[in-house]
Each structure stands twice: as C-alpha cells, then as structure tokens.
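Read the structure below first, then the notes.
The values are calculated or read from the model by the stated rules, or taken from the named source; none is laboratory data. Just so we're clear, the structure is a prediction, and the values are computed from it rather than from any experiment. When we count neighbours, we look across all protein chains shown, and the Cβ atoms used for this are built from the backbone with ideal geometry, even at glycine.
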Amino acid sequence: MRGFELQHAEEIKLPSRGARFVKGFSRWLSAASAIPRRDPFAFAGLLLYFAFVVIAIFADSLITYDPREILFDENYDLARNLAPGGDHILGTTYSGRDIYSQLVMGTRGALIVGVTAAVCVVTIGTVLGLIAGYFGGVTDTMLMRLADIALGVPFLPFVIVLAAFMNPSQWNVVLGIALLLWPQSARVIRAQVMTLRERAFIEAARVTGAGPWRILFVHIAPNVLSLSFLYASIAVGWAILTEASISFLGFGPSDSVTWGYMLQDAYASQALGRGQYYWFVPPGLCIIAVVVAGFLISRGYEEILFPKLKD
C-alpha cells in the first residue's frame, strides 16, 4: 500500500498552504457552529464565556467605584461591612471597598490569566506534539520523557514555589501553568501526527521536494488545529482556577484584584463567621461557572469532532 502511494504521489495535487489552514480552521468553525444545535449544555457554556468576555471588556464602564478605593460614608466613617443595597450592589468589605466593583474588575484579571495561559499551553503542546509525532526516534523519546517529568511535578506546589521566589504577578502564574500543563495536549497531538504522517498527501509532499518543516507546519499542523482549540477551552478554566487558588493562599499578585484575592480577603476578614455571604459567594460562583463552562464546551466539542467516542 505504501509503495502504491509513493508510485502515484505525483498524481496527487497538493493544496496550497492557505487552503490547508482554511480547511483546518473551517473544521474547528464547523464544530463550533454545530454546538448550539447538537449540545445545549455546551451552548450554555459558550454563552457563559461570552458573558464573562463582555464584562471583562467593558469592566471600566460597569464598575461604580475604584475596586481598590477605601470608601467612607456621609459622616466620614469607614464604610465597612455594608450590606448589599443602595450605592453598593453587593455591599462593602471589611476594609471599606466595593465588592461589586471588585467582582467586575476581577473578571478581567481572571480572563487575562486564563486566555494567556491557554494560548501558551496550547502553543507549546501543539509545537512539541507536532515535532515528536513527525520525527519520532530520539526526538520523540526525549520530548515524551520531558512530558513525563512535567506530569510528575506536583502542579499547585510548583506554581506556589514559583510565585513565592519571584515577584508575585499574574505572569508568574501564567508561566507556571504553561510549564506544566502542556504535556496533555502534546501527547494527543503527537498521536494524531503519527497517523497523519503516513497519509498519501504527506508522501506526495515529500516527493515534490517539500522539506520536513514545511510538511510539518504547512500540511500537518492545520489538520490538528481542532485538537488545539479543544484543549484551549479546557486550559482557560484550569488556569483561572489555579490563579484563584494561588491568590487565596496569599501568593497571588497584590497589585490587582482577582476572584482569588476576593476570597482570600474574605477569609482573612472572617466573612464566613460574620455571615457575609455576599462577599465570598459571588467570586466563588464565578470561578465555578468558568470551570464548568470550559468543561461543557470541551465535552460538546469533543463529541462533535469525534462522534464515535459517544458509543
């Protein structure tokens, strides 16, 4: 069969680079557009993501106070622990800051971390998966052992240590996530590449003189693009959950307001004991909503791309 493919490789007309990218992107777009019709739960996840994105974009217009500003009442007393109502939709913190404004601005911080980390994770995983799957041999062995090491490192403790020894910032959290979460996507993409490299159109590309890197990124990469988007939707939720965990433990950035920072502030101020549910419940629900939305989208997207997995 392989000899037959080589014999007739010259008869196969190779699509252009743009055509292959468009084909791979259109497959992802087709799967995404099918979500509302075939999976209402995944569609609900998409709507949640869309709502959070809109809030993050227009956060400056939606907030009523500076989330870091300490507020005072008309008697110039500290406006602390105010219940929801009036000018403070969700009340105020023990330090006199507006909870609603913190929640809205925290959405932007969460999505910045989530999207940036997802892009880094998927980019690293896709590139290394492509290289390992196509070249095989020693290259494949070395990259997969590197993946085993990354998978063996305790995730949350590693990110905490990284944040503790470096200046606490959102970008350190992104770095820690990118260094440890790429193996999952890399392994799946590697397996897909190992099947694609034996196809007739790849043999035809070799016969026509295409080099290995051109074959890898022009002919193979567009065909695994849909898998990259699948893992990106999962990585967003995990990144936001990780950032919230780091901030809750006190190792997060102190110069920005995030959902994890709100939970840590509420815990330190004993909001639970005071019965101030309006302080810690909203950020907790937002974190849960983002993680669940990512799971629903990934499951719906996976079932559309690989319908045999449902059986």
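What residue, of Leu46, Leu82, is in a helix (DSSP H, G or I), surrounded by 14 or more Cβ atoms within 10 Å (Cβ to Cβ) and either in contact with an Asp or Glu (Cβ under 6 Å, 6 or more places away or on another chain) or at pLDDT below 90 (or both)? Before the answer, list the steps.
Numbers: Leu82 fails: in a helix (DSSP H, G or I).
The conditions single out Leu46.
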Which numbered condition in (1) without any contact (Cβ under 8 Å) to a residue 12 or more places away in the chain; (2) buried (at least 22 other Cβ atoms within 10 Å of the Cβ) is the only one that Tyr277 fails? (2)
List the pairs whose first member sits in the range 63-79 and is touching a residue at least 12 places away in the same chain (Cβ under 8 Å), whose second member is surrounded by 12 or more Cβ atoms within 10 Å (Cβ to Cβ) and among the polar types (S, T, N, Q), and whose Cβ atoms are under 6 Å apart, counting only residues at least 6 apart or on separate chains? Ile63/Ser101; Thr64/Ser101; Tyr65/Ser101; Pro67/Ser101; Pro67/Gln102; Ala79/Thr92
Taking Asp255 as meeting all but one of (1) in contact with a helix residue (DSSP H, G or I) (Cβ under 9 Å, 6 or more places away or on another chain); (2) part of a loop (DSSP other than H, G, I, E, B), write down the number of the exception. (1)
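Look through Ser226, Ser247 and report the one residue that is crowded, with 24+ Cβ neighbours inside 10 Å, hydroxyl-bearing (Ser, Thr, Tyr), modelled with pLDDT under 90 and in a helix (DSSP H, G or I). Break it down stepwise before answering.
Details: Ser226 fails: crowded, with 24+ Cβ neighbours inside 10 Å.
It is Ser247.
Which is out of contact with any helix residue (DSSP H, G or I) (no Cβ under 8 Å at 6 or more places or on another chain) and closer than 30 Å to Gly273 by Cα, of Leu103, Leu90, Leu82? Spell out how you get there, then give the answer.
Numbers: Leu103 fails: out of contact with any helix residue (DSSP H, G or I) (no Cβ under 8 Å at 6 or more places or on another chain); Leu90 fails: out of contact with any helix residue (DSSP H, G or I) (no Cβ under 8 Å at 6 or more places or on another chain).
Only one candidate passes the filter, namely Leu82.
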If you go through the range 157-176 one residue at a time, do you hit one that is closer than 30 Å to Glu243 by Cβ, surrounded by 19 or more Cβ atoms within 10 Å (Cβ to Cβ) and modelled with pLDDT of 90 or more? no
Residues being under 12 Å from the mean Cα position of the chain (by Cα) and within 19 Å of Arg108 (Cβ to Cβ) - total across the range 233-253: 9
Do we find a residue being surrounded by fewer than 16 Cβ atoms within 10 Å (Cβ to Cβ) and either under 30 Å from Val290 (Cβ atoms) or within 19 Å of the chain's Cα centre (by Cα) (or both) anywhere in the range 185-198? yes
